[in-house]
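Contents: one structure, followed by commentary.
The values are calculated or read from the model by the stated rules, or taken from the named source; none is laboratory data. This one's a predicted model, so the numbers in the text were calculated from it and none came from an experiment. Positions of Cβ are generated from backbone atoms using ideal geometry, with glycine treated the same way; all protein chains shown enter the neighbour counts. Protein only, heavy atoms only, side chains kept; ligands, DNA and RNA dropped before computing areas. Shrake-Rupley method; radii C 1.70, N 1.55, O 1.52, S 1.80 Å.
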Amino acid sequence: MIAATNITKRFGDFVALDDVSLEVPDGSLTALLGPSGSGKSTLLRIIGGLEAPDAGQVLINDRDATTTSPQRRGIGFVFQHYAAFKHMTVRDNVAFGLKVRKQPKARIKERVDELLGIVGLAGYAERYPSQLSGGQRQRMALARALAVEPEVLLLDEPFGALDARVRTELREWLRRLHEEVHVTTLLVTHDQEEAMSIADHIAVMDHGRIEQVGAPRDLYDQPANPFVMSFLGPVSKLGSKLVRPHDISLSQIAVEGAAQAMVSRIVHLGFEVRVDLMLAEGEAVEVQLTRHEADELELHVDDIVWLRSAGAPALSA
Amino acid sequence: MTVRRPWRLGLRFVALGYLALLLLIPVGVVFYRTFEHGFGAVWDSVSTPAAVSAFWLTIEVTAIAVPLNTIFGIVMALALARGRFPGKGLLNAAIDLPFAISPIVIGLSLVLVYGTTGWFGQDLANAGIHVIFSVPGIVLATIFVSLPFVVREVTPVLREVGNEQEQAAATLGANGWQTFWRITLPAIRWGVAYGVVLSVARAIGEFGAVSVVSGRIAGETQTLTLLVDNRYGNFDIAGAYSAATLLALIALVTLLAMTVIRPRREENE
């Protein structure tokens, strides 16, 4: 388990972390999610020992690691830009941690072969990082971090430098890998879809503070505040409430308590249909419907409809 | 930007002509004049006791000065690229002093400090250590003039490489020493190699500072450059050319050694 308590970190006048506490449960895959500058990478680097906190404490499996060098923390760290050792082959990259620990050669070879198999780079052992694609380099970096059997795995925007398709692929792959290896993992990302799709826990950060921690679904359904709500998915403002666009129902007959609006645009996105509306007060609202719902309503631009929030959570704006 | 063909050819001609007039023709003439009277004459003139002594003195001085400057240069480059300490800007500027000061001034300043009438020359002389008009003085002068090369070549490479690889090595359990030998040094090796080649060239070619501190005693404190000057001054033109060619050959060997080991880089990285 990783426990960071009351961590504060300043860079000059800028407060990167403001009295932050976080627990990463054993064997979990937790995501630190937030916009850039929210302090998520700084928190990860402090846990990894690459940055020293101004105040606070870091515990890794109940050992106080606050002042321990990264070398002795028992961590694996994966960087956004891979940090591949360019002058070494893939094999030597993965073997690095074992070599500096003076493990016997035969043992190193066996372990490296096993890891290269796990990350799907078995045929690439003798290549140099420059001969690999971005996705392959990051898998190599992961194998390298896992080689030393770290107690915790720290990933700093691991898929941030990859293109969208590879990113999705690697995300699924990491989730499966985590189910096999089960090492306590903390992952930093600014991509809510990435966090929702692979993490069991998400800590949402903003301005050097943790806004909310919870399971992806709980955060989505019961956001603690407007920031968390809007960071985890699209929101529409209906009167004084914030609602998810798919939680607004439309009706062509006047309903008690519903707001009147005019359809200004209808966009068909396959299964989903997005309807832009203009409220009587002149405010724009976005609504998501399924294709089926849209067909039943037979909407046209300039139609007058009535909107109301369909039960689901709404926050006061 | 596109440049029209006649212009392109013209520019090329000017560039090559400039290079030829300033570099290739003078150096070529030295080689030509050296071997004008056959190889035997050249051999006789570079195998005199004074020439042999000058050759080995130059090698000896270079072999001491360049490794010291290489170690100093790498440490200093690490400090400048990675360190955060007060006075860094000042230190950075001070590194360039040997480039800014004329070598002859460097020589004179060494005499002022280490000469028998200098600051601690007398104390050193009492202890039996003679710096000026002796080999230690030549080594000091050579170190001084070739000091900045390795620092200046390695610092930008360190900045460009960044410290992520070093951080990764640390998280994998490497200590500072292991990280330096296995990660940092391989990453900057071409910068180091280039700095060493430049330092060697400067060390064997140094004249001004060395000429002031050496005393120019033939067979003892006369380096190759001083030998060339000495022979030239004594109207032994052929002898001067032979020694000059020897000097140029040492530099060429250094450059070739670098070119031979270099191609592996493009393959791997």
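The table that follows gives values for the structure above.
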{"quantity": "Scan of the range A:88-101 for residues that are facing chain B (nearest Cβ under 7 Å) and under 23 Å from A:Leu44 (Cα atoms), ordered by number", "calculated": "A:Phe96, A:Gly97"}
{"quantity": "Helices (runs of 4 or more DSSP H) contained in the range B:130-181 and holding at least 1 residues away from every other protein chain (no Cβ under 14 Å) and farther than 30 Å from A:Val100 by Cα", "calculated": "B:135-145, B:148-161"}
{"quantity": "Subset of the range A:77-87 that is open to solvent by 20 Å² or more (accessible area, probe 1.4 Å) and within 8 Å of chain B (Cβ to nearest Cβ) - its residue that is nearest to A:Lys40 (Cα to Cα)", "calculated": "A:His81"}
{"quantity": "Search result, residues across the range A:130-161 that are of a type in the set (Gly, Ala, Ser), more than 12 Å from chain B (Cβ to nearest Cβ) and touching a Leu at 6+ places or on another chain (Cβ under 7 Å)", "calculated": "A:Gly134, A:Gly135"}
{"quantity": "Filtered residue count, the range A:113-129, keeping only those that are more than 13 Å from chain B (Cβ to nearest Cβ) and either of a type in the set (Val, Ile, Thr) or closer than 16 Å to A:His87 by Cα (or both)", "calculated": "4"}
{"quantity": "Filter result for B:Phe55 (surrounded by 10 or more Cβ atoms within 10 Å (Cβ to Cβ) and outside the structural domain of B:Ile143 (by TED's automatic domain parsing))", "calculated": "no"}
{"quantity": "Condition met for B:Trp119 (under 25 Å from B:Ser242 (Cα atoms) and open to solvent by 40 Å² or more (accessible area, probe 1.4 Å))", "calculated": "no"}
{"quantity": "Selection count where residues are polar (S, T, N, Q) and either surrounded by fewer than 18 Cβ atoms within 10 Å (Cβ to Cβ) or within 23 Å of B:Pro148 (Cα to Cα) (or both), scope the range B:38-52", "calculated": "2"}
{"quantity": "Matching entry among A:Pro104, A:Pro35, A:Pro53 (being out of contact with any helix residue (DSSP H, G or I) (no Cβ under 6 Å at 6 or more places or on another chain), away from chain B (no Cβ under 14 Å) and farther than 22 Å from A:Leu170 by Cα)", "calculated": "A:Pro104"}
{"quantity": "Those residues of the range A:234-255 which are closer than 19 Å to A:Asp303 by Cα and not aliphatic (A, V, I, L, M), in sequence order", "calculated": "A:Pro245, A:Ser249, A:Ser251, A:Gln252"}
{"quantity": "A:Val166 being open to solvent by 20 Å² or more (accessible area, probe 1.4 Å), hydrophobic (A, V, I, L, M, F, W, C), closer than 22 Å to A:Leu44 by Cα and at pLDDT below 90", "calculated": "no"}
{"quantity": "Per-region count, the range A:56-76, residues open to solvent by 10 Å² or more (accessible area, probe 1.4 Å) and within 14 Å of chain B (Cβ to nearest Cβ)", "calculated": "6"}
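Residue-wise test of (1) under 16 Å from the mean Cα position of the chain (by Cα); (2) at pLDDT 95 or above; (3) buried (at least 18 other Cβ atoms within 10 Å of the Cβ).
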residue: B:Val66; (1), (2), (3): yes, yes, yes
residue: B:Gly73; (1), (2), (3): yes, yes, yes
residue: B:Met76; (1), (2), (3): no, yes, yes
residue: B:Arg82; (1), (2), (3): no, no, no
residue: B:Phe85; (1), (2), (3): no, no, no
residue: B:Leu90; (1), (2), (3): no, no, no
